[in-house]
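What follows is a short report on a single structure.
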Amino acid sequence: MVKKVREQGGGGYSLAFVVVTAIFVTCLITANITAVKIISVFGMTLPAGVVVFPVSYIVGDVLTEVYGYRAARRVIWLGFLCNLLAVAAISVGGVLPAAPFWHGQAAYEHILGYTPRLLAASFLAYLVGEFANSIVMAKMKVATNGRWLWSRTIGSTFVGEGLDSLVFVTLSFIGTIPLAGLASAIIFQWLFKCAYEVAATPLTYLIVGHLKHVEEIDVYDRDTRFNPLLASK
């Protein structure tokens, strides 16, 4: 069956697209909240957010593969704005006066408080990583003429997650920990996230195949302008 190439525009969003978008945004916000806890996995010291954050890249791959880069670009910016709203709400909740009988202010600030440096690093790393992931995914699809999905999902994640880890860890901790520690933190996070993507490849195949069948759509970004700041071109 020939897949139809259509633009997801106003009034044209399917239920499947909305569900995938909701999962993407939920994973992003959840990862940022849970990242405050530091865990140890196979000897690697990582933020707890790595449990769910790589899922946002998997979902991002699905969005780009099925709906195209232009749709993914909108979802990436939506995720950014939703995360900004969550941070703003948490910050306002922190400065509002507590009830006399509530004694959890210190815990609230310790767990949910954000320093400007970490916020800036997190937001910038997200935009750089997600857009790199989507652009590589879309361009590889055109270059391979839609073949070898595994090469696109793994290759795009390799680039996107690498940039995300590099930007976040460097901006967050440079000057506070030795360079060797920075390098190991970047590499450990990068390898863990890429391994996550590889392990999820069979599931990605199932979801992509199902969505292409249900939506009857398979977008190739041959004439797309990849500027992240463009809304619809």
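What follows is calculated from the coordinates using simple rules that are stated; it is not laboratory data. Keep in mind the model is a prediction, meaning the values are calculated, not measured. Reconstructed Cβ throughout: ideal geometry from the backbone, glycine too, with neighbour counts over all protein chains shown.
Some notes on this structure:
- Database remark: amide H of Tyr13 closer than 5 angstrom to no amide H (H placed geometrically; neighbours at sequence offset of 5 or more, or on other chains; Pro and chain starts carry no H).
- Semi-axes of the equivalent ellipsoid of segment 113-233 are 31, 18, 12 Å, computed as sqrt(5λ) over the eigenvalues of the C-alpha gyration tensor in descending order.
- Amide H to amide H, with H built 1.01 Å from N, Ala35 comes under 5 Å of Gly49, counting only residues 5 or more places away or on other chains.
- With R₀ set to 22 Å, the beta-carbon distance separating Thr115 from Ala183 gives a calculated FRET efficiency near 0.45.
- Lys pairs, the chain - Cα-Cα below 26 angstrom, 8 or more residues apart or on other chains: 17
- Calculated FRET efficiency for the pair Lys37/Ala98, C-beta based, R₀ 22 Å, to 0.05: 0.40
- Given R0 = 25 Å, the distance between the Cβ atoms of Leu15 and Leu81 translates into a calculated FRET efficiency of 0.70.
- Total charge dipole magnitude, the chain, about the Cα centre, Cβ charges on Lys, Arg, Asp, Glu only, Debye to nearest 20: 460 debye
- Restriction of the chymotrypsin sites (Phe, Trp or Tyr not before Pro) in segment 203-233 to DSSP coil positions whose beta-carbon has at most 16 other beta-carbons within 10 angstrom yields Tyr220, Phe226.
- Summarising the amide proton neighbourhood of Gly68: residues at separation of 5 or more, or on other chains, whose placed amide H is nearer than 5 Å comprise Val219.
- Angle between the chain longest axis and helix 201-215 axis [Cα atoms, degrees, rounded to 10]: 60 degrees
- On Cα atoms only, tilt of 53-67 relative to the major axis of the chain in degrees: 20 degrees
- Extension gain for Ala89-Asn227 works out to 46.7 nm (0.36 nm per residue, less the C-alpha to C-alpha distance).
- Projecting label points 7 angstrom from Cα along Cα→Cβ for Gln105 and His210 puts them 4.8 nm apart.
- Cα long-axis angle, helix 116-143 against the chain (0 to 90 degrees, to the nearest 10): 10 degrees
- Selection among Gly93, Tyr69, Leu206 by position relative to the dipole of segment 15-215 gives Tyr69 as farthest towards the positive end (Cβ unit charges, Cα centre).
- Annotation note: chymotrypsin sites (Phe, Trp or Tyr not before Pro) in segment 34-102 located in DSSP loop regions with a Cβ neighbour count of at most 16 within 10 Å are Phe42, Phe101, Trp102.
- Calculated Cα Rg over 2.2 N^0.38 Å (choose from (1) 0.97; (2) 1.14; (3) 1.08), label: (3)
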